[in-house]
Amino acid sequence: MQPTEVRQIVLDIIADIALDDDVTKIDDSIALRDQLDLDSMDFLDIVMELKKQHKVEVPQEDYPKLATMESCVTYLTPKFQALQ
Amino acid sequence: MSTNTNAAKTLSRIVITGVGLTAPNANNLRDFRAAVLSKKSGLVHTEIRHMGIQAAGLCDFDEARHQSKKMRKRGTRAGAISIYCAKEALDDAGIKLDERDPFTIGVYIGITEHGNVETENEIHELYQNDLKTEFWSHHHNPRTVANNPAGEVSLNLGITGPCYTIGAACAAGNMGLIEACHMLRLGEVDLALAGGISESPHTFGIFAAFKAQGALGEHEDPTLATRPLDTRRNGIAVSEGGCLYTLERLDDALARGAKIYGEIVGFCINSDASDFVLPHAGRQMECMKRALDRAGLKPEEIDIVNLHATGTSMGDIQECEAVSSVFGYSDETYINFTKGHIGHCMGAAGALELAGNLLSFEDNLVHPARNLEELDPKCALKNLVYGEPVKKKEIKTILNNSFGMLGINSSLIVKKYQS
């Protein structure tokens with residue numbers, strides 16, 4: 001799986017959480033919390049949906065790696081590729 | 001605006017200055033009044049998980065009117081109903097929260113139960129996920145804590161005073177108002193949002209339990225599924241809804257030139273201590289009498305008595321016996337009920353039913369009961385209104401009954417405001 005595909009997966013999950021935000025304008029290098037209305041419960045939602053929809057586990061110590069879209073893709077791409 | 005902890009407030013008069021509601025047949029006070037006067041039903045057939053098609057009362061208010069999509073998804077239906085009613089009540093009262101100290105506002109919401117909807121949904125999901133609890137939602141706890149509906153109002157409106165629910169089965173709608181009176185008189189708050197809410201039709205358990213109890217109302221025409229006091233009644237129609245009022249001390253309301261719908265002049269809460277589900281006419285009678293005593297009113301000074309009247313075989317008879325014993329000699333007291341229109345809105349019932357009668361202070365009409373055609377002789381109360389609305393010269397007092405399982409009773413008396 002390519003990083004662009006992983007980005008789209010993460011974007012789809014976020015779009016279903018940040019329902020009142022325009023997620024098409026996300027700056028991949030800026031913290032998601034700084035550009036979207038997201039709090040700690042929302043990040044748990046992201047972790048849950050990765051597990052439910054894609055069987056990708058994110059251990060608690062790795063939660064900071066979901067801070068930006070860029071870091072999400074960097075962190076998650078090998079995990080998605082390992083599932084293939 | 002007055003400040004907190006003033007002993008002189010103990011005997012303050014408490015008035016209703018705003019109403020926000022959603023019922024199965026209306027989404028604001030004026031429309032609700034028109035609906036009960038014209039006998040508009042709010043009952044429909046709907047698919048209930050594991051139960052098939054059932055009659056229920058469902059609300060169609062705009063959830064997005066006062067709540068973001070994200071917070072609605074995170075929260076509960078009970079929270080959404082509460083937020084809608086709270087904001088509508090504040091708007092109706094002309095109260096702007098940014099002009100208030102949020103610490104001086106309280107929220108008191110009566111609930112029959114809370115958390116069953118979310119728990120049933122989670123268990124349903126659990127079975128879809130091979131019983132793997134790792135997929136159990138982290139939202140479960142904040143959604144199911146008993147204070148959820150009031151907490152969601154607090155979060156939505158930024159209210160930082162005491163916000164909580166009052167669990168009192170189907171007597172809860174009155175109970176929210178009574179709690180608000182206490183807190184206003186104690187000086188704990190200067191403004192209260194109070195009443196009751198219910199999301200019950202979104203759980204199959206309540207339908208299954210009433211069915212098992214032989215108390216689930218059924219009819220091929222859903223609008224006839226519950227027929228309180230009628231010989232053909234066969235039970236309850238489960239409904240959702242909400243009604244929250246803004247309550248203030250009279251001096252505060254007058255100081256800001258508020259519109260005053262009515263004054264809460266008396267109430268009583270008592271308990272049967274006799275049965276899990278069967279009501280007790282003697283305790284209900286006692287509840288009404290004490291509310292009258294506290295209001296300094298005689299039975300003949302009550303213009304309207306709203307029956308709890310759920311449409312169960314025994315419950316209706318017990319209540320009619322109690323009401324007859326208190327008001328039977330009064331020629332001036334008229335009796336009605338609202339559940340034939342909207343079903344049983346559980347925690348919202350008492351608050352909504354009061355709202356159904358509240359505007360009688362303006363139009364002097366007693367709205368009729370719906371779905372009552374063949375009156376059960378055991379329920380034959382004098383001055384029962386079930387045909388056309390009855391016009392009185394002036395309506396000045398309403399006694400609102402609301403009773404619940406485990407034997408909890410509440411009677412609330414509201415009087416037309418007179419300076």
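Brief remarks follow.
- For segment B:79-120, taking the residues that are among the hydroxyl-bearing types (S, T, Y) and open to solvent by 30 Å² or more (accessible area, probe 1.4 Å), the one that is farthest from the other protein chains (Cβ to nearest Cβ) is identified as B:T112.
- Enumeration of residues in segment B:403-418 that are open to solvent by 10 Å² or more (accessible area, probe 1.4 Å) and in a loop (DSSP other than H, G, I, E, B): B:M405, B:L406, B:K416, B:Y417, B:Q418
- Counting the residues of segment B:38-61 that are open to solvent by 20 Å² or more (accessible area, probe 1.4 Å) and touching a helix residue (DSSP H, G or I) at 6+ places or on another chain (Cβ under 8 Å) gives 10.
- Residue pairs meeting the criteria (Cβ under 7 Å; at least 6 apart or on separate chains; first without any contact (Cβ under 8 Å) to a residue 12 or more places away in the chain, in segment B:71-87; second among the hydrophobic types (A, V, I, L, M, F, W, C) and open to solvent by 10 Å² or more (accessible area, probe 1.4 Å)): B:K73/A:L19
- Among the candidates A:D39, A:D34, A:D28, residue that is over 13 Å from A:V10 (Cβ atoms) and at pLDDT 95 or above: A:D34
The rows are residues; the columns are (1) closer than 19 Å to B:S239 by Cα; (2) more than 14 Å from chain A (Cβ to nearest Cβ); (3) of a type outside the set (S, T, N, Q); (4) surrounded by 15 or more Cβ atoms within 10 Å (Cβ to Cβ).
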| residue | (1), (2), (3), (4) |
| --- | --- |
| B:E122 | no, no, yes, yes |
| B:D130 | no, no, yes, no |
| B:N141 | no, no, no, no |
| B:P149 | yes, yes, yes, yes |
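Table: residues versus (1) free of Cβ contacts under 8 Å to residues at least 24 places away in the same chain; (2) open to solvent by less than 80 Å² (accessible area, probe 1.4 Å).
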| residue | (1), (2) |
| --- | --- |
| A:L36 | yes, yes |
| A:D39 | yes, yes |
| A:V47 | yes, yes |
| A:L50 | no, yes |
| A:K55 | no, no |
| A:P59 | yes, yes |
| A:D62 | yes, yes |
| A:M69 | no, yes |
| A:A82 | yes, no |
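- Residue count for segment B:154-189, restricted to those that are open to solvent by less than 10 Å² (accessible area, probe 1.4 Å) and over 17 Å from the mean Cα position of the chain (by Cα): 4
- B:G282 being over 26 Å from B:F361 (Cα atoms), open to solvent by less than 20 Å² (accessible area, probe 1.4 Å) and of a type outside the set (S, T, N, Q): no
- Number of the exception - B:T226 against (1) within 17 Å of B:I53 (Cβ to Cβ); (2) assigned to a loop (DSSP other than H, G, I, E, B); (3) open to solvent by 30 Å² or more (accessible area, probe 1.4 Å): (3)
- Those helices (runs of 4 or more DSSP H) lying entirely in segment B:269-365 with at least 1 residues among the small types (G, A, S) and touching a Ser or Thr at 6+ places or on another chain (Cβ under 8 Å): B:281-295, B:339-342, B:349-358
The values are calculated or read from the model by the stated rules, or taken from the named source; none is laboratory data. All values reported here derive from a predicted model rather than from experimental measurement. A quick note on method: Cβ atoms are made from the backbone with ideal geometry, for glycine too, and the neighbour counts reach across all protein chains shown. Accessible surface is based on the protein model in full, side chains and every heavy atom, while ligands, DNA and RNA are left aside. Shrake-Rupley method; radii C 1.70, N 1.55, O 1.52, S 1.80 Å.
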